[in-house]
Amino acid sequence: MSARKPAHRQLAAVNFPGPSSARNTEMGCSSSIPRLLFLLLSLTLSPAYLVDVYAGSEDIVGGGSTHLYGEILKDEAVARLRELGEVSDANGYLERTFMSPASVRAANLIRQWMEDAGLTTWIDAMGNVHGRVDGSIRGAEALLIGSHLDTVIDAGIFDGSLGIISAISALKVLKETARLEKLKRPVEIIAFSDEEGVRFQSTFLGSAALAGVLPASALNTTDKSGATLQDALKKNRFAITEESLRQLKYDPQSVWGYVEVHIEQGPVLEWVGFPLGVVEGIAGQTRLKITVSGSQGHAGTVPMSMRQDPMAAAAELILRMETICKNPKQFLSYDSQCNDATVESLSNSLVCTVGEISTWPSASNVIPGQHDANAVLCDSELSSQLKIAANAAIQRLTGEIQDEVPVLMSGAGHDAMAMAHLTKVGMLFVRCRGGVSHSPAEHVLDDDVWAAGLAMLAFLETHM
């Protein structure tokens with residue numbers, strides 16, 4: 001690759017007049033203005049050294065593609081994703097749940113990578129891994145960047161991990177180019193200990209603790225073995241109490257915002273042909289745990305007409321729920337505040353799933369509990385900055401001016417939902433093959449991992 005092509009990529013990000021605006025000038029200039037400026041720069045700069053003009057960056061980069069930092073943002077990042085994907089509690093598939101042996105090993109590995117990027121690290125009483133670099137402006141609010149290190153059972157290697165590793169890689173580039181200390185505000189990467197909620201059936205344990213919305217009663221939640229959340233932490237030398245849980249909450253005045261990079265877990269980006277997309281909002285969720293009562297009896301002797309089989313009733317309920325969610329307008333009533341657009345939006349976006357069924361004779365007819373997560377809107381300022389960064393990243397890789405980065409809604413829950421209780425949030429989605437997630441078939445192209453890292457780097461450069 002010649003030295004001139006990267007320069008054109010950078011110039012493409014500068015606001016030169018385009019063809020439509022240029023024709024309206026009194027001089028009758030055409031779209032040759034950007035080409036002329038590019039030619040002048042090409043002549044005045046040594047071919048082997050070109051100035052990276054994006055986001056005011058002043059670093060001088062050599063010929064070739066070194067300014068794309070592929071060794072760190074692509075090669076090393078992909079290798080680390082694969083290495084982390086091997087850290088599992090199961091043989092033959094990926095499983096890494098809250099405070100499991102594999103989770104502890106993963107936390108220590110991530111901590112090493114944070115230190116390699118020049119960050120000061122620690123692990124808090126909820127098992128969250130932190131890596132921080134202070135900013136040049138004393139007392140400035142911190143930018144938090146995070147995602148989760150836990151997985152579902154039989155998981156893919158990108159869910160959660162991509163967001164952590166992309167952020168670490170971007171900060172490592174700043175370290176390697178002697179720009180880490182130029183950051184104006186503190187930047188802190190957080191690898192949350194639990195987002196999936198597999199072990200204790202309660203999502204966002206790590207991020208909810210830092211946001212101050214995890215109730216003290218959560219410490220008494222039990223897993224299937226009867227161990228409490230507090231027991232699991234103590235087993236790993238985290239002597240958490242109700243008081244220390246309260247102390248985990250960040251002071252909202254000390255935080256500028258939260259950003260999360262995550263695989264899309266849907267097919268839209270692949271369909272429109274973009275590696276990156278900006279998240280407009282995250283759909284709300286309601287989780288219900290329902291017990292259906294029945295009458296225990298001998299399966300071979302009780303006549304069908306006299307049976308009260310809870311499994312049959314549960315099956316009917318599941319089918320009815322699926323029918324309602326596919327055709328909500330036929331079943332649900334709306335108050336006067338719902339206009340036609342709201343009803344139509346609900347009809348096209350409502351989803352429902354039964355994720356687990358267990359049976360036991362003589363169950364009581366109660367609803368023992370529920371878990372709600374309200375919908376979250378991403379901050380417009382953060383979303384705008386992420387869109388600019390994503391556009392810049394794609395232009396750096398392709399050398400071409402792209403169409404506008406897609407803006408998406410997230411149907412899946414993310415740590416950003418909990419962090420929204422603390423500060424403004426923004427999210428960047430990364431394309432995944434077929435939209436498949438929570439599966440070993442989950443896949444992100446190496447170049448899309450690269451694009452995510454470049455986008456985070458571009459975003460961080462705006463805070464220098």
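The values are calculated or read from the model by the stated rules, or taken from the named source; none is laboratory data. As the structure is a computational prediction, the values presented were derived from the model and not from experiment. Reconstructed Cβ throughout: ideal geometry from the backbone, glycine too, with neighbour counts over all protein chains shown. Note: accessible area is taken over every heavy atom of the protein model, side chains too, but ligands, DNA and RNA are not part of it. Shrake-Rupley method; radii C 1.70, N 1.55, O 1.52, S 1.80 Å.
Just a few scattered comments:
- Among ALA90, TYR69, GLN112 - extreme Cα towards positive end, dipole of the stretch 64-135, charges at beta-carbon: ALA90
- Taken along the Cα-to-beta-carbon direction at a fixed 7 Å, the label points for MET304 and ALA178 span 8.3 nm.
- Solvent-accessible area per residue for the stretch 159-242 (1.4 angstrom probe, square angstrom): 36
- Across the stretch 162-288, Cα pairs under 8 Å and at least six residues apart give a relative contact order of 20 percent.
- Length released on extending from GLU400 to GLN253, taking residue separation times 0.36 nm less the Cα-Cα span: 48.9 nm
- Using the Cβ-Cβ distance between LYS224 and TRP271 with R0 set to 30 Å, the FRET efficiency from 1/(1 + (r/R0)^6) comes to roughly 0.20.
- Debye, to nearest 20: dipole size of the stretch 210-251, +1 on Lys, Arg Cβ, -1 on Asp, Glu Cβ: 160
- Under 16 Å of direct C-alpha separation, and excluding same-chain neighbours fewer than eight residues apart, LYS74 reaches these lysines: LYS172.
- A straight chain from ASP134 to ALA412 at 0.36 nm per residue would run longer than the Cα-Cα distance by 96.8 nm.
- Label point distance in nm, VAL354-LEU377, each placed 7 Å from Cα along Cα→Cβ: 3.6
- Paramagnetic reach from ALA79 (point 7 Å along Cα→Cβ, amide N under 18 Å) across the stretch 118-161: 118
- Cα gyration tensor shape of the stretch 80-133, rounded if a/c is under 1.5, else prolate or oblate by comparing a/b with b/c: oblate
- With a 1.4 Å probe rolled over the protein heavy atoms of all chains, the accessible area of ASP403, ASP75 falls in the order ASP403, ASP75, largest first.
- Extension gain (nm, one decimal) between TRP122 and SER295, 0.36 nm per residue minus Cα-Cα: 57.0 nm
- Across LYS182/LYS387; LYS234/LYS289; LYS224/LYS249; LYS184/LYS424; LYS175/LYS387; LYS235/LYS424, pairs whose alpha-carbon gap is larger than 30 Å: LYS235/LYS424
- Pairwise FRET efficiency - MET311 versus CYS338, Cβ, R0 = 35 Å, nearest 0.05: 0.45
- Taking every alpha-carbon pair under 8 Å whose residues sit at least 6 apart, the stretch 232-361 reaches a relative contact order of 17 percent.
- In terms of its alpha-carbon gyration tensor, the stretch 394-442 comes out oblate; a/c meets the 1.5 threshold, while b/c is at least as large as a/b.
- Packing-based order for 108-115, 93-100, 430-437, 206-213, using average beta carbon neighbours within 10 Å, highest first: 206-213, 93-100, 430-437, 108-115
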